[in-house]
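Reviewing the structure listed below.
Readers should treat all values here as calculations from the given coordinates under stated rules, not as data from a laboratory. Owing to the predicted nature of the structure, the values given are computational and were not obtained by experimental measurement. Cβ sites come from the backbone with ideal geometry, for glycine too, and all protein chains shown count toward neighbours.
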Amino acid sequence: MENTDKYGHSIYFDSEKCVGDMACLKVCPAEAIRIRTKVRNKVAVMLEDKCIDCGECVKVCKSEAIVPLTNTFKDFSKFKYTVAIPSIALYTQFEKNIKPPQILSLLRKIGFDEVFDISQASITVYRGIERHIQSSKIKPLISPFCPTVVKLIQTKYPELLSHLLPIISPLELVAGTVKEQISKRTGLKNEEIGIIYITPCPSKTILILQKLAYTNQGKSCIDGAIPISEIYPLLMRLVNQPVTHTAQCEHYEINGFGLKYGSLGGLTSMLENDNCIAVSGVNNIIYILEGIERGKLRNVDLVDMHACMEGCLGGIMVVENAYIARSRLNSLIRYYGDKKPPIGKKDNYENRNIYDENIYKPQPIKPIDINIRNAIAKVAKQKEIYQQLPQINCGACGCPSCLIFAEEVVQGILKLENCVALEFSLDSSPQPKEQPPKKRKQKKQTIREIPR
Amino acid sequence: MNNEQSLIYNQLFEIKGGNFIDAGSASVNVKKTLKLIGIPSEIIYRVSICCYEAEMNIIMYAYRATLDFSITPDKIVLKFNDEGPGIKDIELAMKEGYSTATSEMREMGFGAGMGLPNIKMNSDEFYIESEENKGTNLFIGIFIDRKTDNHDKSEEIA
């Protein structure tokens with residue numbers, strides 16, 4: 001996992017493997033992909049200022065040219081002590097008879113020194129959110145737990161950054177707490193302890209790459225992220241063997257109510273507040289953000305946003321399909337009891353500060369020109385060019401739409417000749433323009449003649 | 001292109017009264033253009049509120065309208081001309097909380113009587129004229145404060 005660009009993206013485009021089939025071009029909700037000619041081949045490239053790391057392109061790429069940046073086991077050899085924190089989505093990847101404590105024990109067996117569950121911490125976080133909603137004047141609040149959502153707001157809706165809940169995620173809460181405790185207990189330095197998240201999506205690696213500030217130290221406590229899809233086969237091989245590591249079972253106290261956090265709409269159902277809504281899918285999120293920007297949704301307390309359909313259960317690096325996963329999670333919640341635990345109950349996370357004191361900075365998209373006069377002239381020119389284009393959005397030029405092609409022409413990146421459809425219509429324009437009206441007239445006449 | 005006159009970007013939109021499904025599409029387009037030009041986000045935010053409120057007024061009350069949207073290096077201008085019932089008493093309509101919205105409109109979250117006052121609050125220039133049973137003309141101007149944006153710096157260097 002390398003930080004290849006200053007934006008710290010979690011997705012890498014491999015131009016060696018890319019066949020330029022344009023599958024990714026159309027699905028990108030941020031219009032951040034272009035197909036450019038490199039040497040002789042046409043390859044997909046990412047515009048770093050526009051990409052929001054949603055992973056839609058990873059899903060559709062058949063040539064494995066779009067690579068999510070995550071860790072492998074080898075990367076963890078630099079740590080003296082490794083701690084795994086699995087996403088709740090991991091519990092839903094297996095048959096119903098395999099329960100979370102067994103999965104957690106197996107994680108220890110494949111090499112992690114210690115394993116922690118996040119369902120307990122999600123209750124602490126949910127209580128914090130409940131308190132914050134009551135005291136907050138900003139409405140609606142937006143949950144910041146999906147890094148893609150945060151990135152989308154940073155790039156396209158910077159004026160909504162103040163709507164983000166200033167509360168750390170359960171993952172970050174566990175990571176921070178555990179790191180401190182282990183460091184105290186073992187005497188190891190913070191750098192020697194590797195906190196590894198078992199992740200359903202690559203976007204969580206933004207936290208690590210960008211050092212996205214989530215804790216009071218101004219840096220994420222997560223040191224690595226390994227995809228569920230990579231852990232799954234290892235666990236599958238061991239799943240039918242009896243559990244051997246029963247030590248440290250006290251950490252494996254699963255809380256049914258806290259498990260709700262793992263699915264879309266889980267947080268809103270935990271809050272038992274009818275003024276909270278859950279939204280998934282980037283285009284749906286954009287629709288809601290547009291609404292918030294115009295001052296609508298003022299009656300909504302909280303919008304829980306997840307870029308993937310069905311939330312983290314629908315992440316691009318999970319094995320099981322999201323709908324099966326959700327039914328499994330529901331049965332797990334029932335198994336562990338979905339009653340709200342009493343408030344006074346002591347747990348590992350009491351007295352921890354769950355407020356995120358850091359401010360997310362805007363990362364606006366580069367404008368068409370840094371000089372406002374030139375920018376206005378360029379936009380006017382873009383409009384002019386757009387009017388000449390066939391406006392069929394074929395994508396053959398390597399841009400997702402004709403409007404963007406016009407922008408690239410103004411910028412001097414592409415030339416008008418690059419439009420295949422325009423060339424075609426210019427070549428054959430003199431003849432068809434004259435012929436069709438004649439044909440139509442004839443048809444009309446014949447139709448009239450028949451009834452007579 | 002050095003001529004200030006040629007530095008006007010202009011776009012026309014048509015808005016149909018009663019078209020709640022497409023409501024806000026003109027505002028979305030206006031905003032996209034402003035973002036592409038690189039107008040500071042707090043100005044876009046104000047333009048977007050003004051444009052949306054005015055657009056919604058048309059959709060709720062008028063029959064049809066045009067939006068003439070233009071940008072010059074100093075100013076963003078939105079001109080709404082509608083054919084509709086017009087406003088009887090503009091002074092009253094400018095009062096916060098005054099609304100003639102029907103209960104259905106209120107159910108959809110509109111008609112809080114904040115539309116026009118909200119536009120006035122968020123704009124730098126605001127003119128309204130209306131003739132009953134004919135229509136309403138609305139002029140909204142928002143200055144691009146060039147002291148706060150960083151385009152100026154780049155200009156100085158150049």
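Alpha carbon centre of the stretch A:267-325 versus the stretch B:14-47: separation in Å?
24 Å
Please arrange A:Lys62, A:Lys204, A:Lys42 by counting, for each residue, the other beta carbons lying within 10 Å of its beta carbon, fewest first.
Exposure proxy ranking, most exposed first: A:Lys62, A:Lys42, A:Lys204.
Taking Cα pairs under 8 Å and at least six residues apart, what relative contact order does chain A come out at, in percent?
20 percent
Let me check against my output: what whole-number percent is the relative contact order of the stretch A:11-68, with C-alpha pairs under 8 Å and at least 6 apart?
46 percent
I'd like the projected area of the stretch A:1-152, averaged over all directions, using the convex hull of its alpha carbons. Report it in nm² with one decimal.
Quarter of the Cα hull surface area: 13.1 nm².
To the nearest 10 degrees, how steeply does helix A:372-388 sit against the main Cα axis of chain A, on a 0 to 90 scale?
Approximately 60 degrees, to the nearest ten.
Given points 7 Å out from each Cα along the Cα-Cβ axis, report the A:Glu48 to A:Ser327 separation in nanometres with one decimal.
4.5 nm
Given the C-alpha centroids of the stretch A:116-136 and the stretch B:57-82, what is the distance between them in whole angstrom?
Comparing the Cα centres of the stretch A:116-136 and the stretch B:57-82, I get a distance of 45 Å.
What whole-number distance in Å separates the alpha-carbon centres of the stretch A:367-426 and the stretch A:32-84?
28 Å
Suppose a student asked you for the relative contact order of the stretch A:73-336, using Cα pairs under 8 Å spaced at least 6 residues apart; what percent would you report?
Answer for the stretch A:73-336 is 29 percent.
Could you please rank A:Lys339, B:Lys31, A:Lys139, placing first whichever residue has the fewest other Cβ atoms within 10 Å of its Cβ?
A:Lys339, A:Lys139, B:Lys31
Can you bin every Cα-Cα distance in chain A into 10 Å intervals starting at zero and give me the percent of pairs per bin, rounded to whole numbers?
4, 18, 27, 22, 13, 8, 4, 2, 1, 0, 0
Angle, helix A:228-238 long axis vs. longest principal axis of chain A, Cα atoms, 0 to 90°, nearest 10?
Once rounded, the angle reads 50 degrees.
Of the cross-linked pairs A:Lys296/A:Lys339; A:Lys366/B:Lys120; A:Lys260/A:Lys361, which ones have a Cα-Cα span greater than 32 Å in the structure shown?
A:Lys296/A:Lys339
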